[in-house]
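Let me begin by presenting the structure, written as structure tokens, before commenting on it.
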Amino acid sequence: MSEIPKAYEPQAVEDKWYQYWLDHKCFTANPRSPKPAWSIVIPPPNVTGVLTLGHVLNNTIQDILARHARMNGHEVLWLPGTDHAGIATQSVVEKDLRKQGAMKHREDLGREKFLEKVWDWKEKHGGIIIQQLKKLGASCDWTRERFTMDPEYSRCVQQAFVDLYNKGLIYRGKRMVNWDPAAQTALSDEEVDMIEEQGHLWHFKYPLLGGEAFLVVATTRPETMLGDEAVAVHPDDPRYQSLHGKQVLLPLRDKPIPIIADPLVDPKFATGCVKVTPAHDPADYEMALRHHLPLTVVIALDGTMTEAAGMDFAGLDRLEARKAVVARMESLGLLLKVENYLHRVGYSQRSNVPIEPYLSEQWFLRYPAVAQSTQAVETGQIKFHPERWSKTYLHWMVNIKDWCISRQLWWGHRVPVWRRDAETRCQVDSPGQGWTQDSDVLDTWFSSWLWPFATMGWPEKTDTLQKFYPTTDLVTGPDIIFFWVARMIMAGFEFTGQPPFRNVYFTGLIRDKQGRKMSKSLGNSPDPLELIAKYGADALRFGVMRSAPLGQDILYDEQQVELGRNFCNKLWNACRFRQMHPGPVQGEIDPGLLSNDDKWILLRLDSAIAEMDAAFAHYKFSEAAATLYRFFWSEYCDWYVEASKAPLQGGDSAHKANTLAVIDFVLSHTLRLFHPFLPFITEELWHDMAYSQDMPPDQGGRTILFAPWPKPLGEDFKLHYGLSDDVLRDMAARQELVIEIRNVRAQFRIPANKKLNLVFHSDFDLPSDEKAVIQILVGADSIKHRSEYQPPKGEPVVYPGPGGKLFIPIAGLFDADAEKARLAKELLKIEAEIEKAQTKLANPDFARKVPPQVLLEHQQRLADWQSKRAQLQDALDALNS
RNA sequence: GGGCGAUUAGCGCAGCGGUAGCGCAGCAGCUUUACACGCUGUUGGUCGGGGGUUCGAAUCCCUCAUCGCCCACCA
């Protein structure tokens with residue numbers, strides 16, 4: 001039993017317990033359980049993804065919530081799964097196949113063959129992240145693992161499409177969309193990042209038709225001029241009024257194009273003349289519609305120039321074409337000037353190339369249940385944590401625009417629309433022979449937005465759905481508030497009539513020590529699995545949680561994980577300390593035998609429990625972690641364990657047993673408080689310490705997972721065990737005394753191994769158990785009581801309370817001057833405090849306006865400082881006399 | 001251009017109306033029989049600047065500055 005290793009070795013423990021939990025089906029949710037339900041769905045990671053620190057943060061929080069709920073007597077469902085991640089996965093596989101030489105373009109393989117390859121790839125590389133989540137300790141119900149391309153899930157997606165189509169919310173339209181020339185698909189607005197970059201503003205001369213004069217237009221994209229169909233000016237711009245309806249000759253194309261007047265033009269920008277390229281700019285497209293201009297497509301889907309751009313440019317990449325156009329214009333003397341110009345360019349989030357506005361036919365969704373979804377967050381039916389994200393959400397909801405849901409990809413859910421000749425049908429299954437299906441697939445998010453209920457068997461009214469939907473919480477990053485959170489809310493209301501979740505916890509972003517985003521290209525993203533191997537999963541969890549305050553980004557530092565490991569080790573050794581003392585486990589606590597130290601630690605435990613509950617209520621996990629750290633390390637280990645050595649080493653057997661009972665009481669509560677954060681080590685110790693033995697099998701007997709979450713001790717308990725605030729006050733005074741003596745030790749360089757023999761000068765003696773504790777805490781062999789004592793001049797003295805002096809005889813080791821200096825320095829500090837307190841109290845308004853409680857506090861504080869000053873002055877006087 | 005956040009000890013952060021705190025680092029000492037992944041003591045701060053409200057402000061209000069995110073069709 002006492003054979004526990006000196007340092008905690010997580011590797012030996014973690015896999016064992018995870019397997020144990022799985023074997024005993026601890027994470028499997030029972031929809032027929034009488035317990036109240038608590039549920040959460042995992043934000044499905046990409047099937048092909050690997051675990052990042054972001055996942056660690058996100059999933060640790062979910063696990064903490066789930067484990068906390070379990071201990072609180074809930075039937076918990078944490079539903080895991082993965083996302084097919086359309087573009088991301090398809091491009092990874094394409095790259096892989098090209099590298100192998102299996103194809104140049106996916107067309108070489110054809111749709112069916114290519115999809116086979118993707119599935120192969122998914123079988124081979126998919127699900128790594130699931131294994132990694134298990135290493136982290138995630139208590140997911142793996143029997144319910146889902147994938148967004150599971151056959152049942154796919155049916156849900158298509159069913160949802162058909163439903164919205166039939167309601168008239170999904171339509172096909174020809175629009176300017178964001179085109180990704182690398183992935184060669186349309187994207188939604190949300191998939192485009194506006195990146196600020198240093199570009200140029202080229203000023204070109206367009207000659208007026210039939211004259212020497214010319215107009216100057218400014219552009220950031222010279223290559224598009226090949227498709228210009230007009231030059232626009234503001235209708236009221238006095239400079240150009242006479243030119244309305246005239247024409248310019250488009251250089252390089254030698255094509256006359258009209259000068260149009262349109263209010264969209266800002267006369268104050270550049271020359272007030274804008275070249276209009278209807279096919280390649282959304283604003284220009286709008287103007288073209290108003291002025292019935294033709295659309296000349298000069299950039300093809302793959303980003304190269306078309307024949308319509310002219311034979312000199314056709315086939316060039318758009319960026320090469322830009323250079324070529326500028327060079328040609330310059331050689332023609334039509335380049336007036338080039339300015340540096342800071343502007344924002346839309347980039348595809350996926351391919352990281354500039355997107356091309358492109359007119360094409362796509363499927364669009366007019367969002368359902370918008371009003372209801374907006375209201376749900378406004379009224380608090382769905383709560384955001386931190387609350388401020390609701391503002392971002394509401395702003396987007398108010399300005400919501402139709403969603404382009406079709407993608408020109410192969411990996412994804414096929415649009416359930418069928419055509420035969422001129423006929424079109426929207427339904428899940430093929431209408432029969434001769435019908436061909438729409439070739440587009442749906443945006444990945446069009447499947448993820450159904451995640452909370454599609455994973456539970458919707459549209460069937462399954463047991464799981466009825467018990468666990470709506471879910472309780474959602475934990476995700478604010479970067480997908482539009483992509484996912486908002487859309488899930490709308491889907492929830494539209495398809496189930498209920499909000500998909502009650503609370504949304506938004507995590508921060510994980511950054512490196514320099515505040516940079518974690519990214520593969522920067523190489524600043526550590527591998528969580530390596531960290532787990534090095535420090536243990538619990539250490540990683542604790543380190544990350546300690547530094548992850550609600551709503552703030554997290555600066556990751558490996559030191560935090562190290563700290564987590566050290567903390568686990570501390571916990572380990574504190575339990576080892578208990579193990580080294582033989583005695584019955586969890587004995588009765590006898591109120592009559594409790595020392596002040598015992599009472600104090602019970603009160604501190606009580607506070608810690610209350611603080612944990614408050615932290616959980618507000619989703620403040622870093623505060624919970626800080627509470628655990630402070631309580632266990634600074635209070636239990638630093639003070640209580642040290643003090644307990646007095647009765648354990650020198651007390652009678654009754655006191656010894658009682659002390660062990662208190663230790664067991666505190667530790668058995670502490671392990672439970674720790675469990676959501678440190679699942680593995682707490683389970684190991686729960687069994688090692690045999691705290692499981694007295695519990696019913698399904699409430700902590702078999703595993704700490706179901707041990708009841710500690711409740712505040714309560715008034716009855718405090719009364720019965722004599723836990724009062726006096727104890728806190730007395731203990732604070734004693735701790736101060738101990739620190740003072742240790743301070744003297746340090747001041748005079750008395751090594752810790754040199755035992756002191758203290759002299760208590762007073763007309764009464766201290767209780768012997770109190771003396772024993774003080775001796776242990778300061779490293780003294782004895783405290784002798786003397787009613788008469790003549791100390792050598794300058795012998796250090798401290799004051800253990802009214803009417804007594806505690807001398808620290810260290811003959812030959814101290815000198816009076818040093819002691820004088822020490823006291824003088826101390827006195828200075830106290831004088832400053834007294835000064836502060838007196839100024840405050842001297843203010844006539846203070847006494848008049850302040851609450852009586854606060855007034856009393858200040859007066860008491862002043863009195864304390866003053867008596868301390870008297871003591872110090874006394875000691876100084878003795879030195880000087 | 002709009003919105004949101006941050007600014008507290010060398011570094012990373014808590015505190016959000018009543019004595020400025022934690023961790024790391026620093027300094028000094030310690031193989032004290034749970035733990036050197038440890039113990040003890042200790043040095044660092046007019047809480048970004050300026051105004052205001054208040055008996056009292058790191059904490060509430062205004063303003064400025066710096067940094068960072070998000071949203072927005074000025075080419």
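Read the figures in this text as sums done on the coordinates, not as results from a lab. In this text, all values refer to a predicted model and were calculated from it rather than measured experimentally. Cβ: placed from backbone, ideal geometry, glycine included. Neighbour counts: every protein chain shown.
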Positive-pole candidate from A:621, A:81, A:863, dipole of chain A, charges at beta carbon: A:81
Between the DSSP loop rule and a limit of at most 16 other Cβ atoms within 10 Å, which trypsin sites (Lys or Arg not before Pro) in segment A:262-310 are left? A:268
Which of A:830, A:298, A:241 sits farthest toward the positive end of the charge dipole of chain A, with +1 on the Cβ of Lys and Arg and -1 on the Cβ of Asp and Glu? A:241
If you take the Cα atoms of segment A:109-194, find Rg, then find the Kirkwood Rh from the mean of 1/r over all pairs, what is Rg/Rh? 1.06
Protection-proxy order for peptides A:588-598, A:77-87, each taking the mean of Cβ atoms within 10 Å per residue, highest first: A:77-87, A:588-598
Could you tell me how far the Cα centroid of segment A:660-705 sits from the Cα centroid of segment A:767-831, in Å? 42 Å
Which entries in A:25/A:124; A:174/A:323; A:95/A:122; A:95/A:124; A:599/A:805; A:645/A:755 show an alpha-carbon gap greater than 22 Å? A:25/A:124; A:174/A:323; A:599/A:805
Pull out a ≥ b ≥ c, the square roots of the eigenvalues of the alpha-carbon gyration tensor of segment A:406-468, then state rounded if a/c is under 1.5, prolate if not and a/b is larger than b/c, and oblate in the remaining case. oblate
Nonlocal amide H pairs with residue A:780, under 5 Å, H built at 1.01 Å: A:756
Quick check on chain A: of the DSSP beta bridges with both residues there, what percent are antiparallel, nearest 5%? 70 percent
Select from segment A:188-236 those chymotrypsin sites (Phe, Trp or Tyr not before Pro) which occupy a DSSP coil region and have at most 12 other Cβ atoms within 10 Å, ordered by residue number. none
How many angstrom lie between the C-alpha centres of segment A:83-114 and segment A:834-881? 78 Å
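With +1 on each Lys and Arg Cβ and -1 on each Asp and Glu Cβ, how big is the dipole of chain A about its Cα centre, in debye rounded to the nearest 20?
Charge dipole of chain A: 560 debye, to the nearest 20.
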By the gyration tensor of its Cα atoms, with a ≥ b ≥ c the square roots of the eigenvalues, what is the shape of segment A:394-547: rounded for a/c under 1.5, prolate for a/b over b/c, or oblate? prolate
What aspartates and glutamates could a cross-link reach from residue A:35, if we take a straight Cα to Cα line under 20 Å and drop same-chain neighbours fewer than 8 places away? A:63, A:75, A:141, A:463, A:473, A:698
Short version: ³J(HN,Hα) in whole Hz for each residue of segment A:869-879, in order, from phi by Karplus 6.51 cos²θ - 1.76 cosθ + 1.60 (θ = phi - 60°), x for Gly and Pro, what are they? 4, 4, 4, 5, 4, 4, 5, 5, 4, 4, 5
Going by Cα centres, segment A:309-388 and segment A:1-68 are how many Å apart? 42 Å
Could you give me the ³J(HN,Hα) list for segment A:734-741, computed from phi with Karplus coefficients 6.51, -1.76, 1.60 and θ = phi - 60°, whole Hz, x at Gly and Pro? 5, 4, 5, 4, 4, 5, 4, 5
Starting from the exponent 0.38 and prefactor 2.2 Å, build the expected Rg for segment A:437-503 from its residue count and divide its actual Cα Rg by it. 1.16
Let me spell out the model: positive unit charges on the Cβ of Lys and Arg, negative unit charges on the Cβ of Asp and Glu, origin at the Cα centre of segment A:135-193. What dipole size does that give, in debye rounded to 20? 280 debye
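How high is the relative contact order of segment A:376-463? Use alpha-carbon pairs under 8 Å, at least six apart in sequence, and give a whole percent.
24 percent
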Which one, A:278, A:804, A:674, projects farthest toward the positive side of the charge dipole computed for chain A from Cβ point charges (K/R +1, D/E -1)? A:278
Could you pull out every one of the lysines with an alpha carbon less than 22 Å from that of residue A:246, ignoring same-chain neighbours closer than 8 positions? A:205, A:255, A:268, A:275
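Once you order the gyration tensor axes a ≥ b ≥ c over the Cα atoms, which shape class does segment A:32-173 get: rounded for a/c under 1.5, otherwise prolate or oblate by comparing a/b with b/c?
Here segment A:32-173 falls in the oblate category.
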What is the spread of the Cα atoms of segment A:530-605 along each of their three principal axes, largest first, in whole Å? 50, 29, 15
Can you give me the Rg/Rh ratio for chain A, using Cα atoms for both radii and the Kirkwood formula for Rh? 1.11
Nearby aspartates and glutamates by direct alpha-carbon distance to residue A:825 (threshold 19 angstrom, same-chain neighbours under 8 apart not counted): A:736, A:740, A:795, A:815, A:817, A:833, A:835, A:864, A:874, A:877
Please identify the trypsin sites (Lys or Arg not before Pro) of segment A:309-407 that satisfy two criteria: DSSP loop assignment and at most 15 other Cβ atoms within 10 Å. Which are they? A:366, A:388, A:401
Percent of Cα-Cα distances greater than 27 Å, calculated over segment A:247-396: 44 percent
Debye, to nearest 20: dipole size of segment A:744-807, +1 on Lys, Arg Cβ, -1 on Asp, Glu Cβ: 380 debye
Relative contact order for chain A, counting Cα pairs under 8 Å that sit 6 or more residues apart, in percent: 12 percent
In deg cm²/dmol, rounded to 500, what helix-only [θ] at 222 nm does chain A give when every DSSP H run of at least 4 residues adds -39500 (n - 2.57) and the total is split over its residues? -13000 deg cm²/dmol
I'd like the Karplus ³J(HN,Hα) series for segment A:234-248: coefficients 6.51, -1.76, 1.60, θ = phi - 60°, whole numbers in Hz, and an x wherever there's a Gly or Pro. 6, x, 9, 5, x, 5, 10, 4, 6, 8, 3, x, 6, 10, 10
